[in-house]
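A.B. asks: If you scroll down you'll find the structure; I have some questions about it.
Readers should treat all values here as calculations from the given coordinates under stated rules, not as data from a laboratory. Computed from a predicted model, the values in this text were never measured in an experiment. Positions of Cβ are backbone-derived with ideal geometry, glycine not excepted, and every protein chain shown enters the neighbour counts.
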Amino acid sequence: MRDRLTAAMTASHLMVAVLVVAGIIFAAIGAATGTVFYLRLATEALIFAGLALSVDILLGYNGLLSLGQALYFGLGAYVSGVVLKLVPSFWAAMGATLVAALVVGIVGGIIANRVRGVYFALITFGMAQVISKVVYNTRALGASDGLIGIPIVPVDLGFITIQSNSAAGFFLVTLAVIVILYAVTAYLLDTPFGRVLIALKANDRRVPFLGYAPLPHRLAAYVLAAVIAALSGALYPMLRGFVSPELLFFATSGNAVITVVLGGIGTLVGALYGSILLTVLKSVIGTWTEHHLIVIGVLFMAAVIFLPKGIVGLVRPALSRLVRGEAGK
Amino acid sequence: MNAPILELKGLGVSFGGIRAVDDVSFTVDGTGVTTVIGPNGAGKSTLFNLISGTIRPRSGRVLVDGVERTRIRPHRLRAIGIGRSFQITNLFFELTVRENLRLACQPLETRSRSFLPVRLSKQTAERVEQLLARFSLEENAANLAGELSHGEQRRLEIAVALACGPRLLLLDEPTQGMSHGDTEVATELIRSVAADVAVLLIEHDIGLVMSISDRVIVMHQGRKLADGTPIQVREDPKVQAAYFGHAKP
């Protein structure tokens with residue numbers, strides 16, 4: 001018989017598969033009708049889904065609320081932007097971002113993982129604020145204007161090359177990157193390493209007595225989250241052609257947390273659905289009123305009170321039982 | 001070469017001027033149940049925390065197999081053969097029963113597997129199943145630990161502490177809050193465990209202490225008051241004074 005965690009994870013995979021199929025259909029319709037605006041909006045939703053995914057690694061699997069995940073998202077966007085202005089290569093930008101995220105993630109992780117709970121939230125918030133102010137005041141990075149004039153990037157996949165200004169093409173590239181990031185995360189969290197993380201979240205006093213040192217596990221999860229956030233951020237300048245310092249601001253981190261809570265904490269797939277829901281809501285409500293944040297805020301509170309496992313929590317338990325039932329036969 | 005598994009030498013610690021544990025020395029070796037008893041605040045749990053490295057002693061030494069382990073970090077205990085349970089049920093409620101045990105057995109596996117899918121060597125998988133059977137938890141193996149009854153959780157707690165094959169098991173009030181029937185089952189289990197490993201136990205229930213222990217250590221106000229067989233200890237006038245408040249010259 002399959003155990004519950006693996007069954008729940010399989011249920012998440014099924015929901016991602018549904019998303020991928022829907023995404024491909026959406027891209028086909030979009031390409032056929034030439035609706036660039038909605039394809040771009042969906043691409044942006046997926047990019048922010050990657051950021052939310054990284055928040056869920058920390059919040060859902062480590063029990064740590066990061067209020068500064070924008071630091072790594074912005075890091076990815078700026079590194080990618082700078083590299084793309086020098087060499088317009090998709091792979092060079094992603095590679096440089098990966099290296100930068102590993103280095104900064106390890107340093108940030110050593111600092112932030114000294115503390116737990118509220119203090120972790122405050123330290124991550126503080127680190128992100130410091131870096132955002134530094135970038136905001138650095139002329140070489142465009143200061144308050146951000147990085148502008150990022151060229152169109154050819155994404156060379158070996159058998160086909162997709163230009164980043166092709167709305168449907170780049171949407172599919174983004175979908176692929178986010179699904180890969182999801183797959184890597186889901187895989188790692190379903191290994192013995194992932195189980196130790198869940199154990200640490202549930203009861204960090206007991207874990208050392210089982211023979212595990214907590215810090216290396218927490219640090220690894222933190223670095224993983226940093227890399228996921230940065231690689232998602234690296235796609236941003238390819239989509240928009242510029243990098244705004246606002247990507248580093250608290251609003252970005254806060255939105256990612258709201259996304260995860262709406263989607264479902266500790267489900268991974270919730271980050272993806274949450275981000276799509278939030279982006280759609282913002283865009284739809286935004287056409288009626290400019291005070292769309294009020295609606296988002298009310299929804300957030302409603303989710304916390306009525307849907308503690310988010311929108312994914314409405315579907316996944318049933319799906320999970322189905323998966324277990326099949327395995328039991 | 002034949003140093004005892006655990007040897008405490010003059011162990012002491014104070015909290016804000018109060019001597020929680022004061023100059024405690026004893027050794028534990030071989031198999032059987034050694035129970036530490038004493039009124040509330042006698043320093044029993046503090047003693048456990050000192051042995052397992054959760055608290056640093058101010059004076060004295062802890063030797064394991066004759067090797068100095070006074071300031072050991074908790075995650076190293078496992079490797080030197082010490083398992084521990086907690087007074088408050090301390091399980092992973094979000095994990096399944098099997099997963100709780102698997103996690104406890106996992107350090108037996110080689111380190112290089114931690115980023116491969118959850119698979120256990122046949123040997124470890126068998127050990128998990130044995131533990132499930134021994135502690136009558138098979139039916140609940142795929143359920144979350146948080147869904148078990150209190151008695152079942154306490155049993156799982158002991159199973160987890162035992163999972164990695166320790167030679168010394170520290171059990172902090174294993175039957176606390178159990179029903180009468182559950183306590184009897186747990187007593188049987190602890191007796192059967194003690195056939196193979198040394199068990200150091202903290203317990204309040206005097207009836208249980210007398211039936212389960214091979215040796216009893218009485219603590220009072222941080223000090224060791226008496227040490228001997230249950231009968232010797234029961235008849236010790238100092239113990240009677242501490243427990244029943246008889247005036248003593």
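A.B. asks: Under the definition of Cα pairs under 8 Å and six or more residues apart, what whole-number percent is the relative contact order of the stretch B:115-248?
C.D. replies: 14
A.B. asks: Which residue fluctuates most in the GNM of chain A (Cα springs below 10 Å): A:I198, A:I180, A:I258?
C.D. replies: Evaluated over chain A, the most mobile residue of the options is A:I180.
A.B. asks: Treating only the Cα positions of the stretch A:1-129 as identical point scatterers, give the base-10 log of I(q)/I(0) from the Debye formula at each q in 0.13, 0.16, 0.17, 0.22 Å⁻¹.
C.D. replies: -0.78, -1.04, -1.10, -1.22
A.B. asks: How high is the relative contact order of chain B, in percent, counting Cα pairs under 8 Å that sit 6 or more residues apart?
C.D. replies: Averaging sequence separation for qualifying contacts and normalising by length gives 27 percent for chain B.
A.B. asks: Enumerate the aspartates and glutamates that A:K309 could reach by cross-link, defined here as Cα to Cα under 17 Å, with residues fewer than 8 away along the same chain left out.
C.D. replies: Partners within reach: A:D56, B:E94.
A.B. asks: Beta carbons within 10 angstrom, averaged per residue: use that to sort the peptides B:202-211, A:227-236, B:166-175, highest first.
C.D. replies: By packing density, highest mean first, the sequence is A:227-236, B:166-175, B:202-211.
A.B. asks: How many percent of Cα pairs in chain B exceed 29 Å?
C.D. replies: So the pairs more than 29 Å apart make up 32 percent of the total in chain B.
A.B. asks: Among B:A133, B:A104, B:A226, which one moves the most in a GNM of chain B with springs linking Cα atoms closer than 10 Å?
C.D. replies: The residue that fluctuates most here is B:A133.
A.B. asks: Using a simple charge model, +1 on the beta-carbon of Lys and Arg, -1 on the beta-carbon of Asp and Glu, nothing else, what dipole does the stretch A:156-313 show about its Cα centre, in debye to the nearest 20?
C.D. replies: Its charge dipole is roughly 480 debye.
A.B. asks: Evaluate peptide B:69-77: per residue, the Cβ atoms of other protein chains within 10 Å of its Cβ; return the mean as an integer.
C.D. replies: Mean inter-chain Cβ contacts per residue within 10 Å come to 3.
A.B. asks: Counting only helical runs of four or more DSSP H residues, what would the 222 nm mean residue ellipticity of the protein assembly as shown come to if each run contributes -39,500 (n - 2.57) and the total is spread over all its residues?
C.D. replies: The helix-only estimate for the protein assembly as shown comes to -18500 deg cm²/dmol at 222 nm.
A.B. asks: Something else now. Which residue, A:A28, A:A77, A:A186, has the most motion in a Gaussian network model of chain A that connects Cα atoms within less than 10 Å?
C.D. replies: Looking only at A:A28, A:A77, A:A186, the largest GNM fluctuation is found for A:A28.
A.B. asks: Continuing with this model, one more query. In terms of Cα to Cα distance under 15 Å, which aspartates and glutamates are near enough to B:K122, apart from those fewer than 8 places away along the same chain?
C.D. replies: Straight-distance partners of B:K122: B:E109.
A.B. asks: Follow-up. Go through B:G222, B:S211, B:N100 and say which Cα lies farthest out towards the positive end of the charge dipole of the protein assembly as shown; charges sit on Cβ, +1 for Lys and Arg, -1 for Asp and Glu.
C.D. replies: Value: B:G222.
A.B. asks: Next question. Averaged over all directions, how much area does the convex hull of the C-alpha atoms of the stretch B:158-237 cover when projected, in nm²?
C.D. replies: Projected area, direction-averaged: 5.8 nm².
A.B. asks: What translational D, rounded to a whole number of µm²/s, comes out for the protein assembly as shown from Stokes-Einstein when the hydrodynamic radius is the Kirkwood one over Cα pairs, at 37 °C and 0.692 mPa s?
C.D. replies: For the chosen part, D equals 123 µm²/s.
A.B. asks: So how strong a dipole does the stretch B:6-244 carry about its Cα centre when Lys and Arg Cβ are +1 and Asp and Glu Cβ are -1, to the nearest 20 debye?
C.D. replies: 1140
A.B. asks: How big is the charge dipole of chain A about its Cα centre, in debye rounded to the nearest 20, if each Lys and Arg gets +1 on its Cβ and each Asp and Glu gets -1 on its Cβ?
C.D. replies: Using Cβ point charges on Lys, Arg, Asp and Glu, chain A gives about 840 debye.
A.B. asks: What number, in percent, do you get for the relative contact order of chain A if the mean sequence gap of Cα pairs under 8 Å and at least 6 apart is divided by its residue count?
C.D. replies: Relative contact order for chain A comes out at 34 percent.
A.B. asks: Next up: Tell me, what are the semi-axes, in whole angstrom and largest first, of the equivalent ellipsoid of chain A as set by the roots of 5 times the Cα gyration tensor eigenvalues?
C.D. replies: The equivalent ellipsoid of chain A has semi-axes of 29, 25, 20 Å.
A.B. asks: Still on this structure, please answer the following. Any lysines with Cα under 21 Å of the B:K9 Cα? List them, leaving off those in the same chain fewer than 8 positions away.
C.D. replies: Leaving aside lysines fewer than 8 places away in the same chain, those within reach of B:K9 are B:K44, B:K224.
A.B. asks: Still on this structure, please answer the following. Using the Karplus equation 6.51 cos²θ - 1.76 cosθ + 1.60 (θ = phi - 60°), what ³J(HN,Hα) coupling, rounded to whole Hz, does each residue of the stretch B:94-106 give in order, writing x for Gly and Pro?
C.D. replies: Calculated HN-Hα couplings, in order: 7, 9, 6, 4, 4, 5, 4, 6, 4, 4, 6, 8, 4 Hz.
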